[in-house]
Amino acid sequence: MRAKSPDDTVANAAGAEPAGEGAVAKAKAKGKSKPKPKPKPKPAAKFAAAIGRKPPKPVDAETRREIFRRLAAADPDPRSDLEYTNPFTLLVAVVLSAQATDAGVNKTTRRLFPVADNPAAMLALGEAGVRDYVKTIGLFNAKAKNVVALSRILVEEHAGAVPADRSVLEKLPGVGRKTAAVVMNVAFGEPTLAVDTHIFRVSHRIPLAYGRDTDAIEAALTPLVPEEYRRNAHHWLILHGRYVCKARRPECWRCVVSDLCRYPDKTPEPKPGKTKPAASPTIEPDEDALP
């Protein structure tokens, strides 16, 4: 009886008779599995990487309520920075605001809306006409096309009215989940939470909730907002993120919820004649998830 060779051992392990080097190679290849793709980091882990330490736990229900109580007390009647006169002009303004500043959009719509403040007038103006008014803001070609296209749909399918239905709004050209949520909240008073990069950042810094992208934050944060504050929660959080909890240098020294916020890198008030505090880590959603 001959001793087993290495070839025999590999072949038998693969369920085959001893064979030559070709069979050995096949057996070895069969036993190998493709490397598994690395899982995406969890939201809290991504935040930890941004700040360089373990992230704090989200605040509890009592603290959340106090946060919204203070934001409401500081700004009882919050308003959108976008200028509009009716649901249609609000819809157009929000569509135009994608990757543009509200100030830039307002400058544009102050010329556009006196000429076309309803779907029929916007449709009559035409794509070239709309483009001439919006050419000072980014992506104006696509935006002009979308504004005219959505105006046509509103005229032909909705009798020229903006539907108070989020699912219908999301089907309009240039209207995503965030835009529809803004219109539902501002024009129709629905307690929707339109999460943008400002709200995403504020939610992670306090933290109210963690999420990989804006949709995840909306899903996680909406049920956590106390019911009596849901109507204006969108405004309070976005304005707080835009003017106080800024991306590069949060102005923590004048924040009304600073003592409740668990963000570890709070910035002190700059002293007269001194340099500004160092910039804080930015906390933004995954770019491919932005609306």
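The values are calculated or read from the model by the stated rules, or taken from the named source; none is laboratory data. For clarity, every value in this text was computed on a predicted model and none was experimentally measured. Counting neighbours? That spans all protein chains shown, and the Cβs are built from the backbone with ideal geometry, glycine included.
In the set (1) within 24 Å of R69 (Cβ to Cβ); (2) more than 18 Å from the chain's Cα centre (by Cα), the condition left unmet by A233 is number (2). Restricting A180, A144 to those that are within 22 Å of D81 (Cα to Cα) and either outside any helix (DSSP H, G or I) or in contact with a Leu (Cβ under 6 Å, 6 or more places away or on another chain) (or both) reduces the list to A180. Close Cβ contacts (under 7 Å, 6 or more residues apart or on different chains) running from residues in segment 121-132 that are without any contact (Cβ under 8 Å) to a residue 60 or more places away in the chain and small (G, A, S) to residues that are in a helix (DSSP H, G or I) and surrounded by 20 or more Cβ atoms within 10 Å (Cβ to Cβ) comprise G126/V148.
Applying the criterion of being buried (at least 17 other Cβ atoms within 10 Å of the Cβ) and touching a His at 6+ places or on another chain (Cβ under 8 Å) to the residues of segment 62-92, the residue that is nearest to A144 (Cα to Cα) is S80. Only one of the numbered conditions (1) modelled with pLDDT of 95 or more; (2) among the small types (G, A, S); (3) out of contact with any Phe, Trp or Tyr (no Cβ under 7 Å at 6 or more places or on another chain) is not met by A289, and that is (1). Of all residues in segment 64-79, those that are assigned to a helix (DSSP H, G or I) have Cβ atoms under 6 Å from Cβ atoms of residues that are among the hydroxyl-bearing types (S, T, Y), 6 or more apart or on another chain, in F68/Y229. Against the condition assigned to a helix (DSSP H, G or I), more than 21 Å from E83 (Cα to Cα) and within 20 Å of the chain's Cα centre (by Cα), how does R152 come out, does it pass? Here the answer is no, as R152 does not meet what is asked.
Would you call D196 of a type in the set (D, E), in the same structural domain as S97 (by TED's automatic domain parsing) and touching a helix residue (DSSP H, G or I) at 6+ places or on another chain (Cβ under 9 Å)? Spelling it out, it is not the case that D196 is of a type in the set (D, E), in the same structural domain as S97 (by TED's automatic domain parsing) and touching a helix residue (DSSP H, G or I) at 6+ places or on another chain (Cβ under 9 Å). Candidates are the residues of segment 93-126 that are β-branched (V, I, T) and part of a helix (DSSP H, G or I); the one that is surrounded by the fewest Cβ atoms within 10 Å (Cβ to Cβ) is T108.
State yes or no: is Y263 in contact (Cβ under 8 Å) with a residue 24 or more places away in the chain, under 19 Å from E62 (Cα atoms) and not in a helix (DSSP H, G or I)? Here the answer is yes, as Y263 does meet what is asked.
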